[in-house]
Amino acid sequence: MKFARHAVAALVMAAAASPVFADAKTEAFVEENANEVLEALNDPTLSSEERTELFSGYMEEFADFNAVSRFVIGRYANRFTPQELTRFQGVFRNYALAVYENELDAYRGEKVVVDRSIDRTASDSIVDTRIPRADGQEMNVRWRVLKRNGEYQVVDVALNVNGNLIWLAIEQQAQFLSLLDRTNGSADALIRKIEQMTREVRAGRR
């Protein structure tokens, strides 16, 4: 799997003047690798712990959590001490993995199907996918893909949260920056909040 390995940039979606359909290679990249991630939840022979470990391994390749974690705290990434940043990145990684596993676990046993895609620029595409279920329900997932040096990189994912597609990195940035602004940039306050959020996600796991 060839996923994001470099710093995440330009995550806020700027409207393109004339978006066009993305090329077939971008769509194939998303379909192949997204299904590979989903398969980590599909193997009935794995225990819950084994499945989480395998899923987490795929997700580590899926996204550069350190880069995304710097994005979601914006200017505060340069204000935290090295020790604070390391602690924050650790708890953020755990939270992000819990969110992805919790959401995708509801669609275990199904496949990701590409519906459509658009190019925002020559190197920035958005791919719309769905995960159908036998009961007729579907989960919509949107992937943001950048092409750099000839390689594709997923830099953000929008999941269906309460009926709305939410870009997770952008949503988290707004929430985290608000907390940091209120607490005078307290890394400890943010870490405590994310640890609480992680516990709540795991407690509500399907």
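Other residues whose C-beta falls under 10 angstrom from the C-beta of Leu85 contribute a net charge of +2, scoring Lys and Arg +1 and Asp and Glu -1. In whole percent, how big is the carbon plus sulfur part of the accessible area of the chain, probe 1.4 Å, protein atoms only? C and S fraction of accessible area: 47 percent. Residues Glu200, Glu49 ordered from highest to lowest accessible area at a 1.4 Å probe: Glu49, Glu200. Taking the Cα centre of the chain as the origin and placing charges on Cβ (Lys, Arg +1; Asp, Glu -1), which of Leu38, Thr81, Ala158 is farthest toward the positive end of the dipole? It is Thr81.
Ranking Glu171, Glu61 from most to least accessible surface, computed with a 1.4 Å probe over the protein chains only, gives Glu171, Glu61.
Ordering Thr26, Thr198, Leu180 by Cα displacement along the dipole of region 24-204 toward the positive end leaves Leu180 in first place; charges were set at the Cβ atoms of Lys, Arg (+1) and Asp, Glu (-1). Residues Leu46, Leu168, sorted by accessible area with the largest first, give Leu46, Leu168 [1.4 Å probe; ligands and nucleic acids excluded]. Not counting ligands, DNA or RNA, and with a 1.4 Å probe, what is Thr52's accessible surface area in Å² rounded to the nearest 10? Rounded to the nearest 10, the figure is 40 Å². Roughly how many whole Å is it from the C-alpha centroid of region 43-62 to that of region 108-135? Computed from Cα coordinates, the inter-centre distance equals 22 Å.
Once the 1.4 Å probe is applied to the protein heavy atoms, region 24-204 comes out at 48 Å² accessible per residue.
The values are calculated or read from the model by the stated rules, or taken from the named source; none is laboratory data. Predicted, not measured: the structure shown is a model, and the values here were computed from it. With ideal geometry, Cβ positions are generated from the backbone for all residues, glycine too; neighbour counts draw on all protein chains shown. Protein only, heavy atoms only, side chains kept; ligands, DNA and RNA dropped before computing areas. Shrake-Rupley method; radii C 1.70, N 1.55, O 1.52, S 1.80 Å.
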